[in-house]
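Remarks on the structure that follows.
Please treat every number below as a calculation from the coordinates, not as lab data. This one's a predicted model, so the numbers in the text were calculated from it and none came from an experiment. Note: ideal-geometry Cβ built from the backbone for every residue, glycine included; neighbour counts use all protein chains shown.
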Amino acid sequence: MKNKYTYLLPTIIALALAIGIFVGGKLNFNDTPEKLFTTNSKKDKLNRLIDYIDYEYVDDVNTDSIVDVTVNSILEKLDPHSVYIPEKEMTRVSENMKGDFVGIGINFYPYRDTISVIRAVKDGPSFAKGIKPGDRILMADNDTLYGKNMPSDLIVQKLKGKDGTPVKLKVYRKSEDRMFDVTVTRGVVPIKSVESFYMLTDDIGYIKVIRFAESTYDEFKSALKQLQKEGAHKLVLDLRDNPGGYLNIAEQMADEFLEDNKLILFTKNKKGKIDKTYATRRGSFEDKPVYVLINERSASASEIVAGALQDNDIGTIVGRRSFGKGLVQREMALGDGSAVRLTVSRYYTPTGRSIQKSYANGSKDYYERFTERYHSGEMVSVDSIKVADSLKFTTPKGKVVYGGGGIIPDEFVPIGTNEEEAVESMDSLGFLSFFVFEHLDENRELYADYTAEEFFRYFRVDDILFEKFVDYSLERNLKMNFYDFEDNIKLYLKASLAEQLFDANMHAKIKSVEDPMLLKVLELDNPTIQQGEAEAIESQN
């Protein structure tokens, strides 16, 4: 007796053959050029092209790198802020935006082919085990960590691991000329978003935020509470050089200063859908004076906070015109460990202005427009900022604000001279820090008896250390009018010493003595204080 499926057999075979022919056609690389791009979609074109290169191209090619280049080329055609994140970068990027990582908790320099500890993170795994500044870490378990040209990322890889796992370190302590072993249990180490906070005067608190990561709002809230306990009922929020980050974190921060139901911002996507975000009842610094510091490198989430306050007539924005990024990105996984941050909407400040710069002529022109600011005169005079009447908006209290390329501050502070900016760059790029590390490595005992407060009040960089720094700089072909800026350089050296001996708060507090924007804040807060009287800050600390 025939099986009931017997009569279906020819149909099944025919169907199988048809599928085979279809699949075979997809795998057959003998198609004519005319057939190459006649399949269904644009996606097929890219997929088949990669397959052809993989199987038929005359030379071996790393098609992964081709895909990376292709993705980047596509994104470059969209806007300057849609970016591709390769798999090898994802861990670092994710940690930075999450606000922590798992490791042993040290800051270090690869110094003379050895890992030299700058400082153990306070209350971190290494701090708890007594690791000190100046210690050399020679081995982690059975891995050697010294030698010429050992990459920093390889060192970090060996020190990182899973939370709770032990790593046996072999350490040389130069100050005691001895070697010892210590086992450190890896733990969660914060990547600080609030770089520093302290009392600027008896009633003005200061908080510097350097990114908007997952942990930023909690860090900010904790710092604000501490400052309020110390008597702060005015605040300086320093967003200079802050490139931005998560939109919702910026919204939460702005909410702290705005009354209930005040509009923080709204976003609009390609379909015209508008989403509005309003302040809630949780704000803890409403109806109090706030000064927001911005500069030409303050972007994205920094501009959201500054724009929300400015458009609601809250506080005073101090500094220079911000970067001008009014686009919102969403991170989307690509399935192989990589991801793309794709622009999905634009955001608008409460008055309805977009502060996004034009990118119609491509990314190169976009960033050239930014550098043009240094040549146009706008960095030294607010009158040189080009604004368009068509982008003029008015706040509820009648203040005129502009869209189309950043937040223009309420109170302008010009950029310093080339030499002053050079000293600032030596600090921000780590040049001063490395010199100070070498100095402390040989002379740490000279500072052993100072408390942080004593160091702040009484320590002065002497001429001997200044001359050593001049020689150090000249040996590295760094030339400037050192003696014309001796006082400024000495102050920055003191700040860098304080950072390595104590913490980032001391570094910021010492630099504040000659910070033009903070001096402007003091002048605005108390008009009897004239700008340039640097002692004003120091005398109140």
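So how strong a dipole does the chain carry about its Cα centre when Lys and Arg Cβ are +1 and Asp and Glu Cβ are -1, to the nearest 20 debye?
Charge dipole, the chain, about its Cα centre: 2760 debye, nearest 20.
Within 12 Å, Cβ to Cβ, of Leu391, how many net charges do the neighbouring residues add up to if Lys/Arg are +1 and Asp/Glu are -1? Walk me through the intermediate numbers first.
Details: positive: Arg353, Lys357, Lys386, Lys392; negative: Asp389.
Here the count lands on +3.
Dividing the convex hull volume of the alpha carbon atoms of segment 100-190 by its residue count, what do you get in Å³ per residue?
Normalising the Cα hull of segment 100-190 by residue number yields 84 Å³.
What does the highest-first list of 348-361, 236-249 look like by mean Cβ count within 10 Å?
Result, highest mean Cβ count within 10 Å first: 236-249, 348-361.
What value does segment 176-250 have for Rg/Rh, both radii from Cα atoms and Rh as Kirkwood defines it?
With Rh from the inverse mean 1/r over Cα pairs, Rg/Rh is 1.18.
If you restrict to DSSP beta bridges whose two residues both lie in the chain, what percentage is antiparallel, to the nearest 5?
Counting DSSP beta bridges with both partners in the chain, the antiparallel share is about 75 percent.
When Phe212, Phe412 are ordered from fewest to most other Cβ atoms inside 10 Å of their Cβ, what list results?
Phe412, Phe212
Pairs on different chains or at least eight residues apart, Cα atoms closer than 15 Å: how many lysine pairs in segment 153-247 fit?
Value for segment 153-247: 11.
Count the net charge of all other residues whose Cβ sits under 9 Å from the Cβ of Thr267, scoring Lys and Arg as +1 and Asp and Glu as -1.
Charge balance near Thr267 sits at +3.
If you take every DSSP beta bridge whose two residues both sit in segment 187-289, what share of them, in percent to the nearest 5, is antiparallel?
Taking every DSSP beta bridge with both residues in segment 187-289, the antiparallel ones total about 60 percent.
Rounded, prolate or oblate, given the Cα gyration tensor of segment 418-539, with a/c below 1.5 counting as rounded? Please list the in-between numbers first.
Numbers: a/c = 2.17, a/b = 1.32, b/c = 1.64.
Oblate, because a/c is 1.5 or more while a/b does not exceed b/c.
Can you work out the Karplus-derived ³J(HN,Hα) for every residue in segment 266-275? Use 6.51 cos²θ - 1.76 cosθ + 1.60 with θ = phi - 60°, whole Hz, and x for glycine or proline.
9, 10, 9, 9, 5, 8, x, 5, 10, 10
Cα extents of the chain along the three principal axes, largest first, in whole Å?
Extents along the principal axes, in whole Å: 105, 69, 47.
Give the distance, in whole Å, between the Cα centre of segment 47-94 and the Cα centre of segment 318-397.
27
Where q = 0.26 Å⁻¹, what log10 of I(q)/I(0) comes from the Debye formula for segment 208-282, counting one point per Cα?
Rounded to two decimals, the profile gives -1.30.
Average projected area of the Cα convex hull of segment 241-358, in nm²?
Average projection, Cα convex hull of segment 241-358: 8.3 nm².
Please compute the net charge surrounding Lys479, taking Lys and Arg as +1 and Asp and Glu as -1 over other residues with Cβ under 13 Å from its Cβ.
So the environment of Lys479 carries a net charge of -3.
Would you mind ranking Arg281, Arg444 by Cβ crowding within 10 Å, fewest neighbours first?
Details: Arg281 9, Arg444 16.
Ranked by crowding around the Cβ, least crowded first: Arg281, Arg444.
So in segment 265-424, what percent of DSSP beta bridges are antiparallel if you round to the nearest 5?
For segment 265-424, the DSSP antiparallel bridge percentage is about 75.
Ranked by Cβ crowding within 10 angstrom, fewest neighbours first, how are Lys192, Lys268 ordered?
Fewest to most other Cβ atoms nearby, the residues stand as Lys268, Lys192.
Per-residue ellipticity at 222 nm for the chain, helices alone: DSSP H runs ≥ 4 residues times -39500 (n - 2.57), over residue total, nearest 500 deg cm²/dmol?
-11500 deg cm²/dmol
Once whole DSSP H runs in the chain are found, which of them have Cα atoms spread over 24 Å or more along the helix axis and a mean Kyte-Doolittle score of at least 1.0?
Long hydrophobic helices here: 9-27.
Near Lys271, which lysines are there with a Cα under 29 Å away, not counting those fewer than 8 places off in the same chain?
Lys42, Lys43, Lys45, Lys77, Lys262, Lys325, Lys357, Lys364, Lys392
Of the listed peptides 291-302, 123-134, 222-233, what is their order by residue-averaged count of other C-beta atoms within 10 Å, with the highest listed first?
Descending packing order for the listed peptides: 291-302, 123-134, 222-233.
Using packing as a proxy for protection, rank 520-527, 425-432 so that the peptide with the highest average count of other Cβ atoms within 10 Å comes first.
Per-residue Cβ counts within 10 Å, averaged per peptide and sorted highest first, yield 520-527, 425-432.
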